[in-house]
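The values are calculated or read from the model by the stated rules, or taken from the named source; none is laboratory data. These figures come from a predicted structure and were not determined experimentally. Neighbour counts run over all protein chains shown; Cβ positions are idealised from the backbone, glycine included. Calculation scope for accessible area: heavy atoms of the full protein, side chains included, ligands and nucleic acids excluded. Shrake-Rupley method; radii C 1.70, N 1.55, O 1.52, S 1.80 Å.
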Amino acid sequence: MELIEAIKARHSVRAYNDKKIEGTVKEELQAFIEQCNEESGLHMQLILDEPKAFDGSMARYGNFSGVKNYIALIGKKGPGLDETCGYYGEKAVLKAQQLGLNTCWVAMTYSKVKSAYQIDTGEKLCVVIAVGYGKTQGVPHKSKSRESVMRGNGSIPAWFKAGVDAALLAPTAMNQQKFVFILDGDEVSAKAGRGFYTKLDLGIVKYHFEAGAGINNFKWK
């Protein structure tokens, strides 16, 4: 499955079956997370067979069931942490989709099980991503119009439109889609609006934009 196919196929899933993540799927996902950590300086960790984080009232309130695996997004405290977690977390999400797994970003409706992962001095847990074999493949979310989240003068190139379309397929907190992409020649800037977790969302949508637009067609401003 190509990356753009994974973007189109991936939807949030909250109910999972008991099939374990093991074998080559486990090995490839673990190796990919380690590669992301090397690139980003994050301390993301794949947590397997740990049901306590999604066994409380908050998880039930969020309609989660059967979640025993998740990716903990951990990194050094700082102003850029949320965006970096969003960007590299979504890379892991789409890799999981390519491996036949399902996922869901989770910001609040889980319990922190500190014994399950390692947080070093100066680091914090940002969010987690539920991962596993879903009971369904989820359903598409409603999206804003392309025109409402992009800005540019004159003729808008096809690659920019494709990038925006891919960004609109990205998961965002409460599906708020509070972002805008601005085209200036061959330079693109992305801005986050106000709201919960919009910096995290910005990292997610920027990765989607790159996948749709083609990283060789533009430079980030």
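Among the residues of segment 184-199, those identified as in contact with a strand residue (DSSP E or B) (Cβ under 7 Å, 6 or more places away or on another chain) and at pLDDT 95 or above are 187, 188, 189, 190, 191, 192, 193, 198, 199. Taking the conditions exactly as written (open to solvent by less than 20 Å² (accessible area, probe 1.4 Å), touching a residue at least 40 places away in the same chain (Cβ under 8 Å), among the hydroxyl-bearing types (Ser, Thr, Tyr) and closer than 26 Å to residue 27 by Cα), does residue 103 satisfy them or not? Yes: the conditions hold for residue 103. For segment 36-47, filtering for residues that are over 16 Å from residue 129 (Cα atoms), open to solvent by less than 90 Å² (accessible area, probe 1.4 Å) and more than 16 Å from the chain's Cα centre (by Cα) leaves 1.
For first residues located in segment 40-56 and touching a residue at least 40 places away in the same chain (Cβ under 8 Å), partners that are aromatic (Phe, Trp, Tyr) and open to solvent by 30 Å² or more (accessible area, probe 1.4 Å) and lie 6+ apart or on another chain with Cβ distances below 8 Å form the pairs 40/87; 40/88; 42/88; 44/88. Scanning segment 25-73 for residues that are touching a Pro at 6+ places or on another chain (Cβ under 6 Å) and either at pLDDT below 95 or of a type in the set (Val, Ile, Thr) (or both) yields a count of 0.
Close contacts from segment 118-145, counting a first residue that is in contact (Cβ under 8 Å) with a residue 12 or more places away in the chain and a second that is open to solvent by 70 Å² or more (accessible area, probe 1.4 Å) and part of a loop (DSSP other than H, G, I, E, B), with Cβ to Cβ under 7 Å and a gap of 6+ residues or different chains, come to 122/77; 123/77; 124/77; 125/112; 125/119; 132/68; 133/19. Checking segment 116-128 against the condition returns a match, with at least one residue being under 18 Å from residue 36 (Cβ atoms), buried (at least 24 other Cβ atoms within 10 Å of the Cβ) and either at pLDDT 95 or above or within 15 Å of the chain's Cα centre (by Cα) (or both). Taking the conditions (1) open to solvent by 100 Å² or more (accessible area, probe 1.4 Å); (2) in contact (Cβ under 8 Å) with a residue 24 or more places away in the chain in turn, residue 10 satisfies each one other than (1). Looking across segment 1-40, the residues that are out of contact with any Lys or Arg (no Cβ under 7 Å at 6 or more places or on another chain) and among the small types (Gly, Ala, Ser) come down to 6, 9, 12, 23, 31, 40. Pairing residues of segment 179-207 that are part of a helix (DSSP H, G or I) with residues that are modelled with pLDDT under 95 and surrounded by 20 or more Cβ atoms within 10 Å (Cβ to Cβ), at Cβ distances under 6 Å and at least 6 apart in sequence or on separate chains, gives no pairs at all.
For every residue, the table says whether it meets (1) in contact with a Pro (Cβ under 8 Å, 6 or more places away or on another chain); (2) closer than 19 Å to residue 6 by Cα.
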site: 112; (1), (2): no, no
site: 132; (1), (2): no, yes
site: 154; (1), (2): no, no
site: 178; (1), (2): no, no
site: 187; (1), (2): no, no
site: 191; (1), (2): no, no
site: 204; (1), (2): yes, yes
site: 211; (1), (2): no, yes
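Kindly evaluate residue 83 against the criterion of being within 12 Å of the chain's Cα centre (by Cα) and surrounded by fewer than 20 Cβ atoms within 10 Å (Cβ to Cβ). Yes: the conditions hold for residue 83.
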